[in-house]
Structures are given as structure tokens and as C-alpha cells.
Amino acid sequence: MLEWIGRNLNNRHFGRIAIKEGNLVIRGGRPSGGIVVLDMATITNLDLQDSAWRDLLTRHLKSDDFFAVERFPTSSFRLTGWEEAEGASPEARCGIAAGELTIRDVTRPISFSAIVSPQAHGSIKAHAAFDIGRTLWNVCYGSEKLFERLGMHLVHDIISLELFLLVR
């Protein structure tokens, strides 16, 4: 699953997006390639208790103001490289994942710290936490870089993402 955190002047909101599909290629015990495809229609909010406010926010996130889910139903990360951290153990490979992040059909290079850990029963767990500047992918609603006098509609440009993978 992918967890997200978005912030504005008054608050922060968080939720999840389901993984639609993916794979991870391991060569020589190290990640060497792969892809994770997110189903953007599954974006949820987990912090708002009132269902009317929660539904309003998720509709807004799915709208053209943010992720334009009807036109861009998926987002993806394609792993193109891995730089092993010095002294990483075979049980938990720490390193820098490099690849291409695609949101709203905009693809940009990105890299971030990650951990990949083979499990005893043959599966692999992976974890990464990182921030992106959303306007680089044309997610522009309420950006102080692009609009003036936003008042309560100011939305911070940084989105925090945390990815939890179990590859079987």
C-alpha cells in the first residue's frame, strides 16, 4: 500500500492508495528493476471522521484540481537503479532507489532511500518514505508558487509518501 500526507495552513490530511499491480526484479540479491502501479481511484482519507467531509475531500483529490483520476486512473514508479548503502546486510538491503515517477502522465526522475528485505518463505518486503513536490507533476491546486491570495485554500506543495510492499 501507499500512504500519503498532504498539508495546508490549518491541518494535514492522510490516507492510502491501493497498489494495482507490480513486480520487483532481484539480481545478485539486489533490486535491479521493477514497477509499482497505483490505482488512483482507490485514494482514501483516514483522518476525517465525518463521512460528508471525508467524501468531499476524496472527491476533490480525484478531481482535475488534484489527480484527475478519470483521465489518469493510474500512477506508477518504475525502478531503474539501485545504489547499495555501504555495509548493508543481506537481511535488509538499504540503499537508494532510482527511477521514474509518473503522475497525471507526467514522468520525472526521482530517487529515495529504501529498504528491501528477503523473507524466510521466499517473499520480499520493501519500505520507503519520501517527499515529492506535487507541482512538478501538474498537481497545482492551491500552490503558493502558482497562485496569489489563496487564504485558507493554500495547500503545501510537498506531499509525503510512504510505500509498504510485500512481493510474493
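Considering only C-alpha atoms, what is the centroid distance from segment 10-24 to segment 71-93, in Å?
Using only Cα atoms to place each centre, the spacing works out to 16 Å.
Rounded to the nearest 10 Å², what accessible area does D47 show when all protein chains are kept and the probe is 1.4 Å?
40 Å²
Rounded to the nearest 500 deg cm²/dmol, what is the calculated helix-only ellipticity per residue at 222 nm for the chain, with -39500 (n - 2.57) per DSSP H run of length n ≥ 4?
Computed ellipticity for the chain at 222 nm equals -2000 deg cm²/dmol.
Taking θ = phi - 60°, what integer Hz values does the Karplus form 6.51 cos²θ - 1.76 cosθ + 1.60 yield along segment 35-45, in sequence order, with x for Gly and Pro?
The phi angles translate into 8, 10, 10, 9, 8, 5, 5, 8, 4, 10, 10 Hz.
What percent does the relative contact order of the chain come to when contacts are Cα pairs within less than 8 Å and at least six residues apart?
Dividing the mean separation by the residue count of the chain yields 22 percent.
With the contact rule set at Cα under 8 Å and sequence spacing of 6 or more, what percent relative contact order holds for segment 34-116?
Computed value for segment 34-116: 26 percent relative contact order.
With just the Cα atoms of segment 1-49, tell me how far they stretch along each of the three principal axes, in Å, largest first.
47, 21, 14
Return the carbon/sulfur percentage of the accessible area of the chain, one whole number, probe 1.4 Å, all protein chains in place.
53 percent
Quick check: residue separation of N138 and R30 times 0.36 nm, minus the Cα distance between them. What number comes out in nm?
So the extension gain works out to 35.6 nm.
Could you point to the label whose value was computed as percent of Cα pairs over 22 Å apart for the structure here, given (1) 43; (2) 46; (3) 56?
Recomputing percent of Cα pairs over 22 Å apart here gives the entry labelled (2).
Summing +1 for each Lys or Arg and -1 for each Asp or Glu, what net charge is found among the other residues whose Cβ lies under 11 Å from the Cβ of I132?
Once all neighbours under 11 Å are counted, the net charge is 0.
Taking the 0 to 90 degree range and rounding to the nearest ten, how far is the long axis of helix 51-62 tilted relative to the main principal axis of the chain, both from C-alpha atoms?
That works out to roughly 70 degrees.
Within 10 Å of each candidate Cβ there may be at most 10 other Cβ atoms; applying that plus a DSSP loop requirement, which trypsin sites (Lys or Arg not before Pro) in segment 43-109 survive?
Those satisfying the criteria are R71.
What does the charge count near R71 come to, summing +1 for each Lys or Arg and -1 for each Asp or Glu among other residues with Cβ under 9 Å from its Cβ?
-2
The values are calculated or read from the model by the stated rules, or taken from the named source; none is laboratory data. Keep in mind that this is a model prediction, so the values were computed, not measured. In this analysis, Cβ positions are derived from the backbone assuming ideal geometry, glycine residues included, and neighbour counts consider all displayed protein chains. Keep in mind that these areas ignore ligands, DNA and RNA; they rest on the heavy atoms of the full protein, side chains included. Shrake-Rupley method; radii C 1.70, N 1.55, O 1.52, S 1.80 Å.
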